[in-house]
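This report concerns only the one structure given below.
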Amino acid sequence: MKALQYRTVGSAPEVVTVPDPELGPGQVLLKVTAAGVCHSDIAVMGWPAESFPYALPLTLGHEGVGTVAALGAGVDTVEEGDSVAVYGPWGCGTCANCAQGKENYCLRADELGIRPPGLGAPGSMAEYMIIDDPRHLVPIDGLDPVATVPLTDAGLTPYHAIKRSLPKLVPGSTAVVIGTGGLGHVAIQLLRAMTAARVVALDVSEDKLALARTVGAHEAILSDAAAAGKVRELTGGRGAEAVFDFVGIQPTVDTAGAIAAIEGDVTLVGIGGGVLPVGFGRQNFEVSVTAPYWGSRGELIEVLDLARSGAVSVHTETYSLDEAPEAYARLHDGRINGRAVILPNG
Ligand SMILES: [Zn+2]
Ligand SMILES: [Zn+2]
């Protein structure tokens, strides 16, 4: 079968022919309908050889939707032909965190060598993929596969981040979204659907700001050295009760810290490597800073339920598997509006 693989550190991903995957007991074979292109893959492909954590070649794709094509021995909770979304942050399934559905925070994944598809295990940018256990599959129940696939990361990750701050996002509050690309443009919609907060979006290009306004941002501001001052002005000097940074480079992290209100939440989602110092006087009083990772299985079900209610619509551009390297190149250059989706069997 064909797959998009990252094969050599520092090189662009390539479309190659690989052996068809072999289905083991307890596993599910998925015929991939749609696979999302995530900016974090570009960060991963920028890591140096000496600290690269995964075996190469690596089939990319940590967002996947597909059709159940075959069942391994003993699998009886899904059926051939079911249309399903893949919960990506696989865990052991039995530790205290996994028992709560928080497989993204599995206590034993490292020890057991369990990796998410596309981030260690073979991912969704292939005609077929193996799912380790049917519990990782959520029926999409009538949702469109292309519109749904980004929700497995670009929806789930901001949903999880926003949930933490819900008690602070009361009427009259302000939420700031920094970076309105794949995750950020979904975050804006989630904030509008889940809270009464005023939503302010920051990005570096007018195209992205236009998308931010289209999907519901009340204000959209160019992300530059003056942005923090503008947010302070918009909030009467108070700042934002919650700031979500989907970029995470030093300039955006500095902005996030500078605009957080007293007792505000700063959530660093983007993996740009920026650092926010915490200590008396370094941030506003009682600002809480965190860097979460993905979300729980239960939260993915909630995100898909929200999508079914019509509250979230992801802006997508579709590409064939042969065009996948081009999609990554465009994302790298900031030329994707919303989310690029690969159709491996399209
Ligand atoms: Zn991602
Ligand atoms: Zn676990």
| field | For the range 1-42, radius of gyration divided by Kirkwood radius, i.e. Rg to Rh on alpha-carbons | value | 1.02
| said: Quick check: the distance between the Cα centres of the range 1-69 and the range 238-270, to the nearest angstrom? | reply: 32
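Only sites in a loop by DSSP and with at most 12 other Cβ atoms within 10 Å count here; which trypsin sites (Lys or Arg not before Pro) in the range 240-344 make the cut?
Details: sites: R282, R297, R308, R330, R335, R339; in loops: R282, R335.
Loop-located and lightly packed - R282.
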| Anisotropy class of the range 188-230 from Cα gyration tensor, a/c 1.5 cut | oblate
| For A73 and E206, FRET efficiency with R0 = 41 Å and r from the beta-carbon atoms, rounded to 0.05? | 0.15
| remark: Computed over the chain: longest principal axis from alpha-carbon atoms vs helix 297-308 long axis, angle to nearest 10 degrees, is 80
| query | What's the angle, to the nearest 10 degrees (0 to 90), between helix 182-194's Cα axis and the longest principal axis of the chain? | reply | 70
| Where only alpha carbons of the range 11-66 are counted, the Rg and the Dmax (Å) | 13.5, 36
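DSSP loop (so not H, G, I, E, B), at most 12 other Cβ within 10 Å: list which GluC sites (Glu not before Pro) in the range 22-67 pass both filters. It would help to have the intermediate numbers written out before the result.
Working: sites: E22, E50, E63; in loops: E22, E63.
For GluC sites (Glu not before Pro) across the range 22-67 that sit outside H, G, I, E and B with at most 12 neighbouring Cβ atoms in 10 Å, the list reads E22.
Dipole size in debye (nearest 20) for the range 149-276 around its Cα centre, Lys and Arg Cβ +1, Asp and Glu Cβ -1? Could the numbers behind the result be given before it?
Values: 10 positive and 12 negative charges, 74 e Å.
The calculation lands at about 360 debye.
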| remark: Along the dipole axis of the range 276-324 (charges at Cβ: +1 for Lys and Arg, -1 for Asp and Glu; origin at the Cα centre), the most positive-end residue among A291, L321, L306 is A291
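Work out the length of the dipole vector of the range 14-160 about its Cα centre, built from +1 on the beta-carbon of each Lys and Arg and -1 on the beta-carbon of each Asp and Glu, and round it to the nearest 20 debye. Mind dumping the intermediate values first?
Numbers: 5 positive and 19 negative charges, 67 e Å.
With only Lys, Arg, Asp and Glu charged at Cβ, the dipole is about 320 debye.
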| task | Could you check the simple spin-label distance between A96 and E14, using points 7 Å along Cα→Cβ, in nm with one decimal? | result | 4.7
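Need one number: convex hull volume per residue for the range 38-152, Cα atoms only, in Å³.
Details: hull volume 14.0 nm³, N = 115.
So the per-residue hull volume is 122 Å³.
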| query | Using the Cα atoms of the range 246-291 to build a convex hull, what is its mean projected area in square nanometres? | reply | 2.6
| note | Computed about the Cα centre, the charge dipole of the chain from +1 Lys/Arg and -1 Asp/Glu charges at the Cβ has a magnitude in debye, to the nearest 20, of 920
| task | Calculate how steeply helix 156-165 sits against the longest principal axis of the alpha-carbon atoms of the chain, using the helix alpha-carbon long axis, and give the answer as 0 to 90 degrees to the nearest 10. | result | 40
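Per the Cauchy relation, a quarter of the hull surface: what is the mean projected area of the convex hull of the alpha carbons in the chain, in nm²?
Details: hull surface 67.4 nm².
Average projection, Cα convex hull of the chain: 16.9 nm².
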| remark: Shape descriptor, the range 251-346: equivalent ellipsoid semi-axes (Cα gyration tensor, sqrt 5λ, whole Å, largest first) stand at 34, 20, 11
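Rounded to the nearest 500, what is the chain's calculated 222 nm mean residue ellipticity when only DSSP H runs of at least 4 contribute -39500 (n - 2.57) each, over all residues?
Values: 11 runs with 89 residues, N = 346.
Helix-only estimate at 222 nm: -7000 deg cm²/dmol.
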| How big is the shadow of the Cα convex hull of the range 86-150, averaged over all directions, in nm²? | 4.9
| message | Just to check I understand the Karplus step: with θ = phi - 60° and J = 6.51 cos²θ - 1.76 cosθ + 1.60, what whole-Hz values come out for the range 237-242, glycine and proline as x? | response | x, 7, x, 9, 5, 9
| field | Accessible surface, per residue, of the chain when the full set of protein chains is kept, probe 1.4 Å, Å² | value | 41
| remark: extent check for the range 140-283: Cα max minus min per principal axis, descending, whole Å, gives 51, 29, 27
| request: Could you pull out every residue, at least 5 positions away or on a different chain, whose amide H is within less than 5 Å of the one on A260? Hs are placed 1.01 Å off N in the peptide plane, and Pro or chain starts have none. | output: A240
| task | Would you tally the net charge around L58, using a Cβ to Cβ cut-off of less than 11 Å, leaving L58 out, and scoring K and R as +1, D and E as -1? | result | +1
| task | Nearest 5 is fine: what % of DSSP beta bridges in the chain come out antiparallel, could you say? | result | 50
| task | Send over the semi-axes of the range 138-217's equivalent ellipsoid, whole angstrom and largest first, taken as the square roots of 5 times the C-alpha gyration tensor eigenvalues. | result | 21, 17, 10
| said: I'd like the carbon and sulfur percentage of the solvent accessible area for the chain, probe radius 1.4 Å, heavy atoms only, ligands and nucleic acids excluded. | reply: 52
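The values are calculated or read from the model by the stated rules, or taken from the named source; none is laboratory data. Predicted, not measured: the structure shown is a model, and the values here were computed from it. Every residue, glycine among them, receives a Cβ derived from its backbone with ideal geometry; neighbour counts consider all protein chains shown. SASA here: full protein model, heavy atoms, side chains in, ligands and nucleic acids out. Shrake-Rupley method; radii C 1.70, N 1.55, O 1.52, S 1.80 Å.
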